[in-house]
Structure formats: C-alpha cells, structure tokens
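Notes to accompany the following structure.
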Amino acid sequence: MSNNTLKTRIFYSLLFILVLTSTLLAQPKPNNFNKEQSNIPSIESLWKEPLNISELDLYFGEGGSQNLPIAPFKYLKKDTSGSQKKFTVEDAHGIKWKVKVGEESQCETVAVRLLWAAGYYTDMTYYLPEIQVEGVFDENSKGTKIFSTKTFYGARMELVRKEKKIDRWKWHKNPFIGTKEFDGLKVMMMLINNWDLKQENNVILENKGKSKYYVADLGASFGKTGIEMFGRSKNNIKDFSNSKFVKKVSIDKVDFSFHTRPLIFLIFYPSYYFERSKAGKIAKGVPRENVRWIGELLSKLSDKQLNDAFRAANYSPDQAQKFVLALRSRINQIASL
C-alpha cells in the first residue's frame, strides 16, 4: 500500500470519527419543560380570529395603553440567552418585564403587533426610547459589589407572563401542520423575513388547562434572509425593501424566497444544522389558497395601522413610511394570488 493511499485512509477515518463524535455531542438537550401533554390541542391554541381587525390599535398593541410599564424600574436579574443584551426589571406596580436592548428591539416590537393583529399569540411588548433602571450591578467592579442607576436607550419591554411554559414545538412537526392557520403563520415569518426559526424560540404555554403555541422571539426580522453569517440582516429598511418575496407560483402552490440554511461546515453539529435546514423548507409548496387567506386578512389593516406599529417602536416618520410601503407591497402580492 502506498503512503498516499495510507494517508488518505487515515484522513477519512479521522473525519468519520469527528463526524460521529460531533453527532453524539450535538444531540438535542432535553427541555426543562414538562413533556406530558394529554390532549391534542385545538386550532384555538395557535390562532384566534381577530375581531374588527381594521379597528385594532397597533400603536399600543395587545396590552393597550392601560398596561404600559411605569417607572421607576428596579433591576432584578441578567438574562444570558440570545445575542442581545437582556435583563429583567420590576416596574412601579410590581410587574416584571424582560428588557431587550439592541438592534432587535425596534423590529421585534413591530413584528409582535403584526402577528397579534393577524390572530396569533405573541408576547406583550412595548418600546421605550429611554429608561432608567435602579440597582444595576456594575460587572466591572472588583471586590465590593457596586450598584447604581443606569440609563438604557431603545428598550423593548416584554411582559413576564404568569402562564407556565410546558414545552417547545417544531416547524416540521406539530399538531397544526396542514391547516390554513399554520400555513398563515409560516407566511407571516416570510412576510417579515424572520430567519431565526429555531425550536428554542417556539414556546408552548399553559394556563388553566388551555395551551398557547407561539413564536417567542421575532427579533431577527425586517432585513434580509440568507446563508448564516453572510448576507443576513435585521432591522434594515434597504435590505428588506430589496428582498424578493414570492419566488414561484403554480396552480395550487407558492414558493417564497426565504433562506435559513447554515454554513456547510456546521454539519459537524448535526442537530443544529438539520433543524435550521428543515425550518427553511416552510417556504416551499405552501397551498396557494392558504397564502391568499392570510394575505386577505392582512389587507384589512390600513396604512395608518401599519404606520402606528412602526411609530410604536420609535422609527422616524421617513423610516416608518418606507417600511410600510415595502410591507404593503408584500401584503398585496399574497392577497392577489
């Protein structure tokens, strides 16, 4: 056997061992939620028909003006999940809010309002341009802990709900596959270009025996989709406006231009790679009648309502107008299929 042949065999043997080891190490970790669900949920666990959609207030959203978080805010704890700075505070009424600061805070505020208006469950959120938080621990201090009052700019305030988290759901495996309501939710993700479709963001809540299925993190929205780490963006009006939306329309199916594929070398982390790859398939072969259904529903929203959603997130009038124009164009495309 030649040296080159031996080296080749050794190389592929090591590669096989590496892939096998990565596969074993990358198996999904068990959720901390209770896995036992006795009943198959009804469609009301995913979607409820919005009443008078053309009259909904998209400025204050689900919570209305009566649930606005009220200063002063007291720092409770840091949240290390995700890529954005997050922490929990308590407001003047003793209500707890999860604060997110960063580029996702604006676009997530808008995305939540759009899904809520369309009848889907979401987190209750508000956007405050500036907040002061008391009792923030200085992480750079050495020795004695130092607490101070800090100002944070561009804060998305998310209500810490009292419902119990019981599980997470998957885009390619859930009780609602094949329904128009689930297809509508898929289209909503593509409408706002939310490319972060990982199972970690899909939450099931339970309260008094009733469950709610929803997408809990919509921050990777209103930019463009693409290959991981390259060509993706969020909260970018230029990218969102220039992104192709509907890719192909046949007699009964619609394909969307929507990309969530990870980089190829991430196949060494199989659970992550295949989860993201499968999630991207939601953009293919969506029943045309179901796409048109959600489009017709969204078309009942006025430009003023859409503008109010962006105004609620403190976009400038010019930015809001550009986003509304791009969003309206997308809604018109699917409503006219």
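Among Lys98, Lys74, which is the only one that is surrounded by 14 or more Cβ atoms within 10 Å (Cβ to Cβ), more than 29 Å from Leu301 (Cβ to Cβ), touching a residue at least 12 places away in the same chain (Cβ under 8 Å) and out of contact with any Pro (no Cβ under 8 Å at 6 or more places or on another chain)? Lys74 is the lone residue from the list that is surrounded by 14 or more Cβ atoms within 10 Å (Cβ to Cβ), more than 29 Å from Leu301 (Cβ to Cβ), touching a residue at least 12 places away in the same chain (Cβ under 8 Å) and out of contact with any Pro (no Cβ under 8 Å at 6 or more places or on another chain). For region 143-183, the set of residues classified as at pLDDT 90 or above, of a type in the set (Lys, Arg) and either in contact with a Phe, Trp or Tyr (Cβ under 9 Å, 6 or more places away or on another chain) or assigned to a loop (DSSP other than H, G, I, E, B) (or both) consists of Lys150, Arg156, Arg168, Lys180, listed by residue number.
Taken as a whole, the structure places Ile40 among residues that are farther than 28 Å from Ala155 by Cα and at pLDDT 50 or above. Looking across Asp255, Asp318, one residue alone is at pLDDT 95 or above, in contact with a helix residue (DSSP H, G or I) (Cβ under 8 Å, 6 or more places away or on another chain), surrounded by fewer than 17 Cβ atoms within 10 Å (Cβ to Cβ) and at negative phi. It is Asp255.
Quick one: is Asn236 modelled with pLDDT of 95 or more and either buried (at least 20 other Cβ atoms within 10 Å of the Cβ) or not acidic (Asp, Glu) (or both)?
When the stated conditions are applied, Asn236 passes them.
Scanning region 199-222 for residues that are part of a loop (DSSP other than H, G, I, E, B), under 13 Å from the mean Cα position of the chain (by Cα) and either free of Cβ contacts under 8 Å to residues at least 40 places away in the same chain or closer than 16 Å to Lys165 by Cβ (or both) yields Ala216, Asp217.
I'd like to verify a number: residues in region 310-331 that are touching a strand residue (DSSP E or B) at 6+ places or on another chain (Cβ under 9 Å) and hydroxyl-bearing (Ser, Thr, Tyr), how many?
Result for region 310-331: 0.
Taking the condition crowded, with 22+ Cβ neighbours inside 10 Å and farther than 21 Å from Phe256 by Cβ, does Val133 pass? Considered against the rule, which asks whether it is crowded, with 22+ Cβ neighbours inside 10 Å and farther than 21 Å from Phe256 by Cβ, Val133 comes out as no.
The values are calculated or read from the model by the stated rules, or taken from the named source; none is laboratory data. Keep in mind it's a predicted model, so treat the numbers as computed, not measured. Every residue, glycine as well, gets a Cβ built from its backbone with ideal geometry; the counts of neighbours run over all protein chains shown.
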